[in-house]
Amino acid sequence: MPSRWLAQGEVAPGTIIQLMKAKWLVHEKANEHCFQLNEDDLRDRHDPSFACTRLICEARGPNGPVQGHMRYYKQIPIEGTEAEPSIIRAKQAESFSPPELVYLRTLAQKGSTITPRLLDSREDKQDNTGFVPGGFVIWVVWAVVPGLQLGNDFGSAPFWGLSRKERDAVRQAFKDSIKFVILMPFLVAHFD
């Protein structure tokens, strides 16, 4: 299904996106989500309305290609204001820091070896032709990590397909790794 908020020129396979450190070539669009607020949502303060997508991409570096997952965030208008003049929609422009970017930066600064590495990012604003002039556009790229995904939103079937010895090894690795996270006051404070 075509995107309502993200142009093909922004996310289609073959698109090249220049971020802070590298040019990233999009191979595939993995998913897209829309979080559009309405008037009722505005009464209970929420993050701004946005659309986001996860892209499978790569950058060409001096040591060969680097594979990554890219999340692209774009502020979108509040429901019911899409057809309003740009000067009205521009009043909705806000700053936004995606939690995954905050966490990946913090984990990198703390020397984490158990989480994906932040490879690249860029924070910018929409121009006057954007859905929300002056609204945010943010790109976050993190490393593809090796291994088997043991579960997803629909369950943990792959985990239970492992042998008892393999499941015990996964449990032990989790116990060893969680100590690192628990010792990070920044993250603990965000989970209260």
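The values are calculated or read from the model by the stated rules, or taken from the named source; none is laboratory data. Computed from a predicted model, the values in this text were never measured in an experiment. Quick reminder, even Gly has a Cβ in these numbers, built from the backbone with ideal geometry, and neighbours come from all protein chains shown.
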So, in the range 136-149, how many residues would count as being touching a helix residue (DSSP H, G or I) at 6+ places or on another chain (Cβ under 7 Å) and in a loop (DSSP other than H, G, I, E, B)?
2
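Quick grid of which residues meet (1) at pLDDT 95 or above; (2) in contact with a Lys or Arg (Cβ under 9 Å, 6 or more places away or on another chain):
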{"residue": "Tyr72", "(1), (2)": "yes, yes"}
{"residue": "Glu84", "(1), (2)": "yes, no"}
{"residue": "Ile87", "(1), (2)": "yes, no"}
{"residue": "Val102", "(1), (2)": "no, no"}
Matching residues, the range 81-100, being part of a loop (DSSP other than H, G, I, E, B) and either surrounded by 11 or more Cβ atoms within 10 Å (Cβ to Cβ) or under 17 Å from the mean Cα position of the chain (by Cα) (or both):
Thr81, Glu82, Glu84, Ala93, Glu94, Ser95, Phe96, Ser97, Pro98
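I'd like to check something: does the range 88-100 contain any residue that is farther than 24 Å from Thr129 by Cα and of a type outside the set (Phe, Trp, Tyr)? Give the derivation first.
Let us first name the residues in the range 88-100 that are farther than 24 Å from Thr129 by Cα, namely 99-100.
Then keep just the ones that are of a type outside the set (Phe, Trp, Tyr); that gives 99-100.
Yes, the range 88-100 contains a residue that is farther than 24 Å from Thr129 by Cα and of a type outside the set (Phe, Trp, Tyr).
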So Gly9 clears everything in (1) surrounded by fewer than 17 Cβ atoms within 10 Å (Cβ to Cβ); (2) under 23 Å from Val132 (Cα atoms); (3) out of contact with any Ser or Thr (no Cβ under 7 Å at 6 or more places or on another chain) except one condition, right? Which one?
(3)
Across (1) charged (D, E, K, R); (2) over 20 Å from Val102 (Cβ atoms); (3) more than 16 Å from the chain's Cα centre (by Cα), Glu58 clears everything bar (3)
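This table checks each residue for (1) at pLDDT 80 or above; (2) of a type in the set (Gly, Ala, Ser); (3) surrounded by 10 or more Cβ atoms within 10 Å (Cβ to Cβ).
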{"site": "Lys125", "(1), (2), (3)": "yes, no, yes"}
{"site": "Thr129", "(1), (2), (3)": "yes, no, no"}
{"site": "Val137", "(1), (2), (3)": "yes, no, yes"}
{"site": "Val141", "(1), (2), (3)": "yes, no, yes"}
{"site": "Val144", "(1), (2), (3)": "yes, no, yes"}
{"site": "Ala173", "(1), (2), (3)": "yes, yes, yes"}
{"site": "Ile178", "(1), (2), (3)": "no, no, yes"}
{"site": "Val181", "(1), (2), (3)": "no, no, yes"}
{"site": "Phe186", "(1), (2), (3)": "no, no, yes"}
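Does the range 1-47 hold any residues that are among the basic types (Lys, Arg) and in a helix (DSSP H, G or I), and which are they?
Arg43
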Would you say Phe35 is more than 19 Å from Pro116 (Cα to Cα) and touching a residue at least 40 places away in the same chain (Cβ under 8 Å)?
no
Filter the range 42-68 down to the residues that are touching a residue at least 12 places away in the same chain (Cβ under 8 Å), charged (D, E, K, R) and out of contact with any Gly (no Cβ under 7 Å at 6 or more places or on another chain) and list them by number.
Asp47, Arg54, Arg60
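Any chance the range 119-127 includes a residue that's more than 30 Å from Thr81 (Cβ to Cβ), assigned to a strand (DSSP E or B) and among the charged types (D, E, K, R)? Before the answer, list the steps.
In the first step, residues of the range 119-127 are kept if they are more than 30 Å from Thr81 (Cβ to Cβ); the result is 119-120.
In the following step, the residues that additionally are assigned to a strand (DSSP E or B) were identified as 119-120.
From what is left, the residues that are among the charged types (D, E, K, R) are 120.
Yes - at least one qualifying residue is present in the range 119-127.
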